[in-house]
Amino acid sequence: MSQTAISFPGARDTGTHAEEAVAGTSLWRDAWYRLQRNKLALSGLVFFLAMTLACGLGPLFTGYTYERTELSLKASAPLQPIIERVGARKAGEPRRDGIALSTLEDEFLDKPEADRQAIAGKIAHGDTYRDSRYTYQLTSRRHLFGTDALGRDLLTRVLVGGRISLAVGFAATLVSVIIGVLWGAVAGFAGGKVDLVLMRVVDVLYALPFTVIVILLMVTFGRNFILLFVAIGAVEWLTMARIVRGQIISLKHQEFVEAAVSLGLSERRIILRHLIPNVLGPVIIYTTLTVPDVMLLEAVLSFLGLGVPPPMSSWGALLDDGARTMETSLWLLLFPALFFSSTLFSLNFLGDGLRDALDPQSSKD
Amino acid sequence: MSRFLELNELKTYFPIFLGTVFRRAAGTVKAVDGIQLDLEKGEILGLVGESGCGKSTLARTVMQLIRNTGGAVYLEGRNLSELNPRQVRAERPNFQMIFQDPYASLNPRMTVHDALAEAIQTRGKLRKAVLTQKIAELLTTVGLPPNQMRRYPHEFSGGQRQRIAIARALAPEPKLIIADEPVSALDVSIQSQIINLLLRLCRERQLTMIFISHDISVVKYISDRIAVMYLGRLMEIGPAAAVVETPLHPYTRALVSAVPIPDPIRERARQRIILQGDPPSPLDPPSGCVFHPRCPYVKEACKRARPALEEKLPQRRAACIRIGEI
Amino acid sequence: MPLLSVENLRTYFYTRAGVVRAVDDVSFLLEPGETLGIVGESGSGKSVTCYSILGLIPQPPGRIMGGRAIFDGVDLLGCDKERLRLIRGKRISMIFQDPMTSLNPYLRVSEQLIEPLLVHEKISRRKALDQAVTSLEEVGIQDAGRRLHFYPHEFSGGMRQRVMIAMALISRPEVLIADEPTTALDVTVQAQILELIKRRQRDLGTAVIFITHDLGVIAAFCREVYVMYAGRIVESAATGEIFARPMHPYNAALQQSIPALHQKGKPLFTIPGLPPDLSKPLPGCPFSPRCTYAEPKCREQAVTLQTMAERHQTACLRYQAGELNDLRAAVGV
């Protein structure tokens, strides 16, 4: 009889029985590895981080502020040469402001056409022109994205607008995640009557046209920045609550939760250590898809004139402005639209990638 | 002196509701219906039955994961079913469970170390060094290298996970272990490793165990006594070898005879009793003896009165009125 | 002449972890009307073998790397899809482990039963329905005329497996592949289903390939057995021989670890360790790391299946060299 004793089967890959402890790979790290292999999602993440950084710090380096108007510039196209007009005020101190080369002609309305063009051509070549009140000369300053109808630098406004849009996206999503996760977790874990009541509330809110609610809130309480966060967050949590509730209910009957109950652990510990970490995956996935949703809603509100009050800008507000002057100055629509949609794209790619990474069964691998 | 574990007329019923707005009780599922059982300290009781017979519900009722509708569970003389939830929680480290599916019974987000630390500390907080030492000892006991404690469950195979689950069940130093189909999800060659481990642990630690399985040959090998369950009731109980080799109850006979023997010579000689149909729904159990619709020896009296679980031979009890005749 | 002959089948899966050699050089013969058992643990490649034959391997990640499966002069692995479709479901049928997942829950059983008839035999709906009723009666479903129009969920587990069998046999196939058909069922129901398959096989003369992990079922059911381990066949023989004279240590060890044959009180025989990782190259015998008899040559030398006695093949180098004789006694019951 050759009885074999139970031996250490050894871990799957290593096979080493060495003394040093073998560090495990958590599912989070596994997911991170999978995400890194997904080029599209990773570039989404990098792009999004770059965009956040640009919007956060960019306005400090553009050399312009978002609210300073230069009416004489009007809507000047991107990179259009700017002419400095230096003149004397009553007190004698020189006054400087810029005008776009294309609008220079308006400055000499009483001159004959040929003269106007000659002067404009000269200045464009770097010469200085002087009339009775002003001196005209070419400057080195340029507006990369041009200016809007009030002569404000569009690049600065797009970046500052990005700050608002992203902040609304994040803050409102945070509000919706907090409410949604708690609401769903309580409903799912408690079950019975509590669940019934909580989920009927969600059903009722679902049935209401939520854009209308936000509009009503904004109209009643005025166009307030903080209120915008809260209002959008408060209507975006419904789906989150449903997702979390469903997850908690299916987890509740898993054997590892029964095992935790068998150990005599407190309910608090069971929820915090055993349930919540296991619903974070779907929550993260849904969150990355909620951010663009919220940003779109903000844009809709701004489009309706219910967004942030001027002179503050947001991508939604800029799009609204741009759409109005689309025929004459397309760049005013083009740049905000480019920034907005590329950010939405990157978030959606990231969200898709996260779903594949956190839930490998859903994708073929 | 009272028994170590005593189940006294234990009943677990689930009400069935129909409708969502106007909920009305449509009946009850008598998942566990009057189970009378006792276990000595250090005894291994095998519980066999087919799916839906209530063996898992019985396990969870003894564990008080489901509170019983009637009857009582006495552990060392204390009636667990009388305790309030807080008191039950305080008692829980004394009785632990091993689950069927080693892929579902471990929290995927916790390392082996964390899962075991949590289980050990149900008996009180420990210093880090002592804790790690204890975890290493536990892992060695169940046959896993201690240097694997920082790994996550998904990095282990099914058999290894079941070892981890066993280590977790042992961690609070329980007196009673309930193992609900602990080897059913495992391959044959891994099964025997786990069975050996469980037997060794029970012997070394004086554990009392209820071993639940649908596989009668595993149960025969591992347990001292076997209880046969059908539709929420006990059909027969007695010493393991006797129940399998000379079953009294017609249901036990059918159950034993249905198992193919991995030996062609004995297999050819096997007397087969093939039952007709499937087990009936526990929502609407048959009258009288619950086994009568499938029983080859049924007679009129069986359909009327429910037979009691009575001593038919020394140490052997069965719930059938025709045992003397067949 | 064999009805189905599988030669040197190799099916690999291309996964993130590497190339998994799920089936590696598997050959077997199936005679008409014969019952052949393939036994092995999970991951041994027993199901993948049969799925490969029927073209049911998802590609990618799976890929059939080589081999032939000749059925009635047609290579199932090489023929075009249309040809395979005409054979599959008509001349070769399959039943699966879980009847619920292989029946469409949204279609009445009647629709699913007559589908192969309408597709393959081009008979009228009326006639097909009549035949469906007969086929349900033949698998022991009472009141078949009414139950024919039930949805799958209205049947119990055992009844559903009966429906599956009726469906698989309705076109009177020459080969039935049964992939663990009783694993999900209770023993009393398992006994009914095994009995049923046996009876229908006798009536129709169908050859059956029975895939299982349960040596008991093999002993009860099969005439010829192939033992698989790590994607390879390690031993094959008539059922009696497999049990009476095991020629491969894995087969012997597997039998020893079954509690049914054990005396109480003695610890169960165990096979130490775990099955190998199939994504890593395995020089030598795949069982050698767990084998009590392994010698250095077992780990290095390539192994092949060789015939040692009449229709008894083993892939054990030491047995082939005559160094091992009575494995049954050596392991000790």
Hydrodynamic radius (Kirkwood) for segment B:5-318, which is based on Cα pairs only, to one decimal in Å
21.0
Within 10 Å of each Cβ in B:99-105, the average number of Cβ atoms from other chains:
4
For the protein assembly as shown, what is the calculated [θ] at 222 nm in deg cm²/dmol (nearest 500), taking -39500 (n - 2.57) for each run of four or more DSSP H residues and dividing by its residue count?
-13000 deg cm²/dmol
What ranking of B:LYS299, C:LYS90, B:LYS55, A:LYS122 emerges when the number of other C-beta atoms within 10 Å of each C-beta is taken as an exposure proxy, fewest first?
B:LYS299, A:LYS122, C:LYS90, B:LYS55
Listed residues B:GLN191, B:GLN276, B:GLN64; largest mean-square fluctuation, Gaussian network over chain B with Cα springs below 10 Å, found at B:GLN276
Once you've got the Cα coordinates, tell me which of A:LYS74/A:LYS111; B:LYS11/B:LYS41; C:LYS90/C:LYS122 are over 18 Å apart.
A:LYS74/A:LYS111; B:LYS11/B:LYS41
After finding the eigenvalues of the alpha carbon gyration tensor for segment C:227-331, what semi-axes result from the square roots of 5 times each, listed largest first in whole Å?
21, 18, 12
When Lys and Arg each count +1 and Asp and Glu each count -1, what net charge do the other residues less than 15 Å away from B:ALA308, Cβ to Cβ, add up to?
+2
From other protein chains only, count the Cβ atoms within 10 Å of every residue's Cβ in A:249-261, then give the mean.
6
Segment C:80-152: C-alpha gyration tensor shape, a/c 1.5 cut-off, then a/b vs b/c
oblate
With a 10 Å radius around each residue's Cβ, average the other Cβ atoms per peptide and rank A:327-335, C:30-38, B:162-170, highest first.
B:162-170, C:30-38, A:327-335
GNM result for chain C, Cα springs below 10 Å: residue of C:ARG160, C:ARG199, C:ARG146 fluctuating most strongly
C:ARG146
What is chain B's relative contact order, in percent, from Cα pairs under 8 angstrom and six or more apart in sequence?
19
Under a straight-distance cross-link criterion of Cα-Cα below 22 Å, which lysines are reachable from B:LYS299, leaving out those fewer than 8 residues away in the same chain?
B:LYS312
For segment B:245-287, the Debye formula with one identical point scatterer on each Cα and no solvent gives log10 I(q)/I(0) at q = 0.22, 0.29, 0.32 Å⁻¹ as -0.82, -1.07, -1.13
Segment C:1-41 to segment B:106-139: how many Å between their Cα centroids?
45
Chain C, Gaussian network, Cα under 10 Å: of C:GLU115, C:GLU180, C:GLU310, the residue fluctuating most is C:GLU310
Over the Cα atoms of the protein assembly as shown, Rg to Rh with Kirkwood Rh, two decimal places?
1.09
Sorting check: for B:148-157, B:263-272, which peptide has the highest mean count of neighbouring beta carbons within 10 Å, and how do the rest follow?
B:148-157, B:263-272
Arranged by the count of other C-beta atoms within 10 angstrom, fewest first, what order do A:TRP237, A:TRP183 take?
A:TRP183, A:TRP237
Mind ordering C:189-197, B:290-298 by average Cβ neighbours within 10 Å, highest first?
C:189-197, B:290-298
Tell me the relative contact order for segment B:208-302 as a rounded percent, counting alpha carbon contacts under 8 Å between residues six or more apart.
20
Along the three principal axes, how long is chain C when you take its alpha carbons, biggest first, rounded to the nearest angstrom?
67, 49, 41
Aspartates and glutamates with Cα under 20 Å of C:LYS127, excluding same-chain neighbours fewer than 8 positions away:
C:GLU111, C:GLU115, C:GLU137, C:GLU138, C:ASP143
Can you give the net charge of the other residues whose Cβ lies under 10 Å from the Cβ of A:SER314, counting K and R as +1 and D and E as -1?
0
Please list log₁₀ I(q)/I(0) at q = 0.22, 0.29, 0.30 Å⁻¹ for segment C:194-246, using the Debye equation with identical point scatterers on the alpha-carbon positions.
-0.87, -1.21, -1.25
Listed with the fewest Cβ neighbours within 10 Å leading, C:LYS264, A:LYS252, C:LYS46 appear as C:LYS264, A:LYS252, C:LYS46
Other protein chain Cβ atoms within 10 Å, averaged over every residue that makes up C:14-24
1
Where a Cα-Cα gap under 21 Å defines reach, which lysines qualify for A:LYS193, not counting those fewer than 8 residues away within the same chain?
A:LYS252
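Read-outs throughout are calculated quantities, based only on the coordinates presented, and are distinct from any laboratory measurement. The model shown is predicted, which means the values in this text are computed figures rather than measured ones. No Cβ is skipped: glycine too gets one built from the backbone with ideal geometry, and neighbour counts run over all protein chains shown.
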